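One structure is given here, and the rest of the page talks about it.
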Amino acid sequence: MRIAIASDHAGFSLKALLAEDLRAGGHALEDLGAHDAETSVDYPDFGRACAEAVAGGRADLGVVVCGSGIGIAIAANRVPGVRCALVHDHLSARLAREHNDANMIALGARLVGTETARDALATFLATPFAGGRHAARVAKLG
C-alpha cells in the first residue's frame with residue numbers, strides 16, 4: 001500500500017517511529033516532513049501536503065501527527081476528497097475506516113502513547129470500509 005505521512009515538529013518523533021513500522025510492513029512510504037523536532041514548523045502546511053498526496057492519488061492512505069492531532073486533522077480535512085479522522089486508540093481507528101471510510105488518520109503525539117498509536121495505525125490499515133448503510137452517509141460528506 002502507498003502511504004503518505006507527515007507531522008509538525010511536535011509529532012516528529014512519533015511520525016518517525018510509525019514510518020519505521022510502515023516500511024517494515026512493506027508499505028511504500030512518502031515522508032513529507034517535518035524532518036526534525038528542533039525546527040518549529042506549522043502543522044497546516046504538513047497536514048495539507050499529506051492530504052494533497054492522498055486526494056491526488058499519490059498515496060492510498062495518509063497519516064498525520066501533531067501535538068494534539070486536532071490542528072493537523074483540521075488542515076487535512078480542508079482538502080476536497082479527504083476524510084481525516086482524529087483517532088485515540090484501536091477502536092476509533094477501526095470505526096474511522098469501517099464506518100466513515102476515512103482515508104487519513106491524525107494522531108496527537110502529546111496525547112496518545114507510542115504503543116497505542118502503533119496499534120491504532122495497524123488497525124486502521126487492516127480494516128476495510130463496511131459499505132452498506134454507511135456508504136450513503138459517507139456520500140453525504142461530499
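No lab work stands behind these numbers, since they all come straight from the coordinates. Remember, predicted model here, so these are calculated numbers, not experimental data. Ideal geometry is used to build each Cβ from the backbone, glycine not excepted, and the neighbour counts take in all protein chains shown.
Here are the numbers for the structure shown:
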{"quantity": "Extension gain from residue 141 to residue 21, taking 0.36 nm per residue of separation minus the Cα-Cα distance", "calculated": "40.1 nm"}
{"quantity": "Residues of region 44-84 with amide N under 18 Å of the 7 Å Cα→Cβ point at residue 35", "calculated": "45-47, 49-50"}
{"quantity": "Axial C-alpha extent at least 30 Å, average Kyte-Doolittle at least -0.5 - helices from the chain (DSSP)", "calculated": "none"}
{"quantity": "Gyration tensor verdict on region 64-142 (Cα atoms; rounded if a/c is under 1.5, prolate if a/b is larger than b/c, oblate otherwise)", "calculated": "oblate"}
{"quantity": "For the chain, the spread of Cα positions along each principal axis, largest first, Å", "calculated": "46, 28, 27"}
{"quantity": "At R0 = 22 Å, FRET efficiency that the Cβ-Cβ distance of residue 2 and residue 133 yields, to 0.05", "calculated": "0.15"}
{"quantity": "Whole-Å distance, taken between Cα centres, linking region 1-69 and region 82-108", "calculated": "15"}
{"quantity": "Using a Förster distance of 25 Å, the FRET efficiency for residue 58-residue 91 (Cβ separation, nearest 0.05)", "calculated": "0.30"}
